[in-house]
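See below for the structure under consideration.
Read the figures in this text as sums done on the coordinates, not as results from a lab. For clarity, every value in this text was computed on a predicted model and none was experimentally measured. So basically every Cβ, Gly included, is an ideal-geometry build from the backbone, and we count neighbours across all protein chains shown.
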Ligand code: NDP
């Protein structure tokens, strides 16, 4: 049915490639392209399907991307490189007439700041070109927005309070490691927190607010209020929401390491001079930290990510909690990657599947919650991320 080009051969790219290859009725031609071609070749070897093509590409370079798109002619690009490449890849998609999907919103390299405005600015150009761009189709952002859309469609007349809760109760047996690209991860966590209340954004100190939340099959875990990109689109697309927040669990050991990293200047993203060479401390740190792709083998435990929602149905107040638990070991057995890469890569594949089946095909630039959630939810159950619901339970929030 469709030709797909995956850009990025990291943890998430590896999972996307495995899942795309598992669905040959939808994805008939596959190419993986990244900065380092040998990593793409290693993925093809692991999958064991030599029909999958690979290529080298610098996704910061629009001309190189356009040349690759024109030679392979994909219908859709799944961008699982880094958020820095979102705009160059979108630009190339417009030039070559290719549809687009990603899992993280654009972030300039020199400033740890992410928001949708840069990508939403492409809406008219994608519309005029008759091309679809699907933004933020991982787990969070991604499934978090689809869960919210599903709740709005089936369980509420008005949603008032939304809390997205993200727990990683896994243990990788390393003193300190991040679960996805360390540079992007540390930039995200060390920023100020932010949440939405009564039409305004409230800013907090980094990790200022935290509380114990109970996760299914896991138990209570200290959860910290962070800013997360899907809050921006969800409060816009569901204007009855009065308050929207995002919570993520961190262990004390992780937070202590993070504090030390910041205090000694290793989280800096500006260039410093070292022996006549310019280096960015956070990029140097990434080079010495464990590679998130190597965590899978000894990773125990599971992730639990969901949405806790309070609102009105038929004049009465109700609560609703929808979540998925994902085992790191099961993810590793299937794809060679741990649960965080798995929970991101599976939804990215399903989003591309929705597009190729014509179910999520609409010229313009869209966040996932703007499409029909039902066929996506059906696929989550079939593709390894089953979901569960709790009606009228205690949300703790
Ligand atoms: P990795 O660092 O493991 O992989 C990134 C890949 O992109 C690498 O293969 C890298 O190449 C490649 N790459 C980087 N720069 C370029 C470039 N200029 N040109 C071509 N290729 C490039 O990251 P992850 O797999 O952990 O994460 C991938 C994406 O998924 C990120 O954007 C991240 O923010 C997002 N994400 C989203 C989540 C969600 O739930 N929505 C959760 C987790 C991650 P090389 O190997 O040569 O360095």
| task | Starting from the Cα gyration tensor of region 81-126, take the square roots of the eigenvalues, sort them a ≥ b ≥ c, and report rounded, prolate or oblate (rounded when a/c is under 1.5, otherwise prolate if a/b is larger than b/c, else oblate). | result | prolate
| region 176-273 - Rg over Rh from alpha carbon coordinates, Kirkwood radius | 1.01
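For the chain, what does the helix formula give at 222 nm: sum of -39500 (n - 2.57) over DSSP H segments with n ≥ 4, over the residue count, nearest 500 deg cm²/dmol? Could the numbers behind the result be given before it?
Details: 14 runs with 138 residues, N = 397.
Per the formula, -10000 deg cm²/dmol.
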| note | The rounded separation in angstrom of the Cα centers of region 324-387 and region 122-179 is 10
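So for 109, 242, fewest C-beta neighbours within 10 Å to most, what's the order? Let's see the in-between values first.
Working: 109 14, 242 17.
The order, fewest Cβ neighbours first, is 109, 242.
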| Got a sec? How would 102, 128 order by Cβ neighbour count within 10 Å, fewest to most? | 128, 102
| request: Would you kindly compute the Cα radius of gyration of the chain and its largest Cα-Cα separation (Dmax), both in Å? | output: 20.2, 68
| Based only on Cα atoms, what Rg/Rh ratio does region 287-397 have, Rh being taken as Kirkwood's radius? | 1.05
| field | Of 164, 30, 261, the one that fluctuates the most in a GNM where the chain has Cα springs shorter than 10 Å | value | 261
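Pull up the DSSP beta bridges for the chain and report the antiparallel fraction as a percent, rounded to 5.
Values: 47 of 78 bridges.
Percentage antiparallel, nearest 5: 60.
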| Cα gyration tensor shape for region 131-220, rounded if a/c is under 1.5, else prolate or oblate | rounded
| said: Using Cβ counts within 10 Å as a stand-in for footprinting exposure, how do 143, 12, 280 rank, fewest first? | reply: 280, 12, 143
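Averaged over every viewing direction, what's the projected area of the C-alpha convex hull for region 219-356? Give it in nm², one decimal, please. Display every interim value, and only then the final one.
Numbers: hull surface 52.9 nm².
Spelled out: convex hull of the Cα atoms, projected over all directions, averaged, 13.2 nm².
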